[in-house]
1. Does Leu175 meet the test of being buried (at least 23 other Cβ atoms within 10 Å of the Cβ), in the same structural domain as Phe102 (by the TED database) and in contact (Cβ under 8 Å) with a residue 12 or more places away in the chain?
2. Criterion first (within 28 Å of Ile23 (Cα to Cα), part of a loop (DSSP other than H, G, I, E, B) and modelled with pLDDT of 95 or more) does Ser206 satisfy it?
3. Return the only residue of Arg274, Arg218 being in the same structural domain as Phe75 (by the TED database), surrounded by 16 or more Cβ atoms within 10 Å (Cβ to Cβ), not in a loop (DSSP other than H, G, I, E, B) and not hydrophobic (A, V, I, L, M, F, W, C).
4. So for the range 81-95 (the condition being within 13 Å of His41 (Cβ to Cβ), among the hydroxyl-bearing types (Ser, Thr, Tyr) and not in a loop (DSSP other than H, G, I, E, B)), does at least one residue qualify?
5. Of Ile62, Ile37, which residue is within 18 Å of Lys211 (Cα to Cα), free of Cβ contacts under 8 Å to residues at least 60 places away in the same chain and of a type in the set (Val, Ile, Thr)?
6. What is the one condition in (1) surrounded by fewer than 17 Cβ atoms within 10 Å (Cβ to Cβ); (2) on the phi > 0 side of the Ramachandran plot that Asp30 does not satisfy?
7. Condition check: under 23 Å from the mean Cα position of the chain (by Cα) and part of a helix (DSSP H, G or I). Does Leu53 satisfy that?
8. Given (1) surrounded by fewer than 15 Cβ atoms within 10 Å (Cβ to Cβ); (2) within 30 Å of Lys27 (Cβ to Cβ), where does Leu223 come up short, assuming only one miss?
Amino acid sequence: MEEKILTIRMPASDHFSIRKEVIGSRKFADSKRVAIIAGIHGDEFEGLYTCYLLHQQLQNLIEKNEQVLTGQVDFYPSVNSLGLGSLNRAWPFFNVDLNRQFPGTNEGHVPLQAAHALLQDLQGADLVVDIHASNRFVLELPQIRMQEHYAPRLLPLAKRSNVDLVWLHGSSTILETTLATNLNEMNIPTLVVEMGIGQRLTIGYSEQLLKGLLHLLRDLGILQIPEEQLPVLGYPRIMKDEEVWYLNAKASGLFVPEQAIFGRFVQEKEKIGRIVDPLSGKDLQIIEAPCAGLVFTLRQHPVVYEGSLLGRLATQPTDSVGGDADA
């Protein structure tokens, strides 16, 4: 069943709406509700495809057994559909990041109204999964990011999500205006998934996350299906800020990564890539791993300036090292 959570009149007398699709219902007093959010940024497609996959999977299960779903799943596949239509990460015209507008207000500009409407509509959810891709510059392995003080409640859920990594962040005032922080502060458990790259679709990552979402629905009692009938889960590496090493450019030029380096565990001093100068034909910087670790972030856009982020390593758990700040 399709519902509209907000409708705004546009300048030329047409209308814009934020839509959601509802599958199932709260049949019993203890029935749970899960919400899947995607498209808060208009250039992120991984979440849209994940919504499609989960929606299709649930429909197939319901066709075989109408009693398989005893709770409710809400899909919000394209919150910033104006941005999606224009391949714009921000909300068009206002040029603001929708994920920095929460809790919003029903009397402000349109992005603030959208944030307010979404937050209000999510009241009463038992779990929210907010799916993001990276920007168009860097590629990310599937990961869940959370602030450390939410970990006691969120970490057990994250471990069942079939992502590669769970990154525990320190607190930050920047995150206070995000959807996830506002929901978690309201005691609505919210997982933030980051995977893939902006303006591209990494199909395998959506398929990977689908497996975790099915397990979460079963764990919450929404999906009545034996666990042995679900895909086998992989369990994530849990890491903190001090276990992440940032690789930044020390020169401006063209970044050329090593073949098949992304997603690999590299050894100390192993070559990750180089920055070259097409004019002089010289290598300006050879990027080597400062320590052994997993390359879980890697730049895909080749043009770099001094300070640009080239990649991130998840160091071995015994290491307590860091690197340069993200630029």
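The values are calculated or read from the model by the stated rules, or taken from the named source; none is laboratory data. Since this is a predicted model, take the numbers as computed values, not measurements. Counting neighbours? That spans all protein chains shown, and the Cβs are built from the backbone with ideal geometry, glycine included.
1. Working: buried (at least 23 other Cβ atoms within 10 Å of the Cβ): no; in the same structural domain as Phe102 (by the TED database): yes; in contact (Cβ under 8 Å) with a residue 12 or more places away in the chain: yes.
Here the answer is no, as Leu175 does not meet what is asked.
2. Details: within 28 Å of Ile23 (Cα to Cα): yes; part of a loop (DSSP other than H, G, I, E, B): no; modelled with pLDDT of 95 or more: yes.
So Ser206 does not fit the description; no.
3. Sole residue among the options that is in the same structural domain as Phe75 (by the TED database), surrounded by 16 or more Cβ atoms within 10 Å (Cβ to Cβ), not in a loop (DSSP other than H, G, I, E, B) and not hydrophobic (A, V, I, L, M, F, W, C): Arg218.
4. Yes, that holds for at least one residue.
5. From the options Ile62, Ile37, the qualifying one is Ile62.
6. Unmet for Asp30, out of (1) surrounded by fewer than 17 Cβ atoms within 10 Å (Cβ to Cβ); (2) on the phi > 0 side of the Ramachandran plot: (2).
7. So Leu53 passes the test.
8. (1)
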